[in-house]
Amino acid sequence: VTRRHLGTGYTFNPCRTRFTTVDTDGRLSSSWLMPFRDSCRISILNNSHDTIGLETLVTTAPYRWNESSMYFGASWKEYHGFETAGSENTGGTGLHTDLNIARLNGKGLYAGDAVLVFNTADAWWGEGDEKIYTDGEVFPSSFGTGTEDYYGYAWCRPEPFNHPLIAQPAGHGNFHPGMSVNMRYRILDAIPFRESLRADIEMWHWVKTTIDFSVTAWFYMLPELK
């Protein structure tokens, strides 16, 4: 889960952003502000069958909790063996599907997201638009123009890049079989919501194929988080 939270994928892909760092020596760093009122517990879950060794460092500082303070949150979902529709001109149906990134109930700020795809075809996977609904909207108030536009690049480019608020630590899977990771931190354009938020991304692959796709979301919410 740590690598998913940091957006590096299932391998160590060096990357440095404002909030996360993955170094070539395997060091993983997260700089998100994570306020707590009274106490916190930090745990690391090993999902493998191997024994691992860890060295950890946690930095804390005084924080004055008040009625406006929010907890930090992160969520992760996986769509394993997802069958894409494909475009009609490549033999597909063109009936592309919206996949959910996050559903949040309460009051807070949507602070960013990341996607990871294992592509299985020599074709582009990211024509789909992001769609973000707040407070029960029927039509999304944030409706994008394509996955690559949302994550800060164009023309299916595979080259890795990293900037303070956007990054592509891995891009080999953009137009060929392989893995790609895209990240966007919305700290300068965070989306506020009073009652609820739903973030979806349309899976629009050029061809009909089967992929693995996972999504991570970061957010802040008042204590009544659900």
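Observations on the model:
- Phi-based couplings in Hz for the range 77-88 (Karplus 6.51, -1.76, 1.60; Gly and Pro marked x): 9, 10, 10, 8, x, 6, 8, 7, 7, x, 7, 4
- Derived scalar couplings between HN and Hα for the range 196-213 equal 6, 8, 10, 10, 10, 9, 7, 8, 10, 9, 4, 10, 7, 7, 10, 10, 10, 9 Hz in order, rounded to whole Hz, by the Karplus curve 6.51 cos²θ - 1.76 cosθ + 1.60 (θ = phi - 60°), x for Gly and Pro.
- Projecting the Cα positions of A167, G146, N119 onto the charge dipole of the range 2-221 (unit charges on Cβ atoms of Lys, Arg, Asp and Glu, taken about the Cα centre) puts A167 furthest along the positive direction.
- Ignoring the sites themselves, the chain has its longest run without chymotrypsin sites (Phe, Trp or Tyr not before Pro) in a DSSP loop having at most 15 other Cβ atoms within 10 Å at 66-154.
- Mean residue ellipticity (222 nm) of the chain, computed from DSSP H runs ≥ 4 via -39,500 (n - 2.57), nearest 500: -500 deg cm²/dmol
- The chain: C-alpha pair distances exceeding 26 Å, %: 39
- Computed over the chain with a Gaussian network model linking Cα atoms closer than 10 Å, the most mobile of A61, A154, A111 is A61.
- Phi angles across the range 155-169 convert, under the Karplus curve 6.51 cos²θ - 1.76 cosθ + 1.60 with θ = phi - 60°, into 3J(HN,Hα) values of 6, 6, 4, x, 5, x, 8, 8, 9, x, 10, 9, 6, 10, x Hz, Gly and Pro given as x.
- Rg/Rh (Cα only; Kirkwood hydrodynamic radius) as it applies to the range 100-176: 1.01
- Size of electric dipole in the chain: Cβ of Lys, Arg +1 and of Asp, Glu -1, about Cα centre, debye, nearest 20: 740
- For the chain, modelled as a GNM whose springs connect Cα atoms under 10 angstrom apart, the maximal fluctuation among L45, L28, L165 occurs at L45.
- Neighbour count of at most 15 Cβ within 10 Å plus DSSP loop: longest GluC sites (Glu not before Pro)-free window in the chain: 68-136
Taken together, the values in this text are just the output of simple stated rules run on the coordinates, not laboratory data. For clarity, every value in this text was computed on a predicted model and none was experimentally measured. For neighbour counting, all protein chains shown are included, and Cβ atoms are generated from backbone atoms with ideal geometry for every residue, glycine included.
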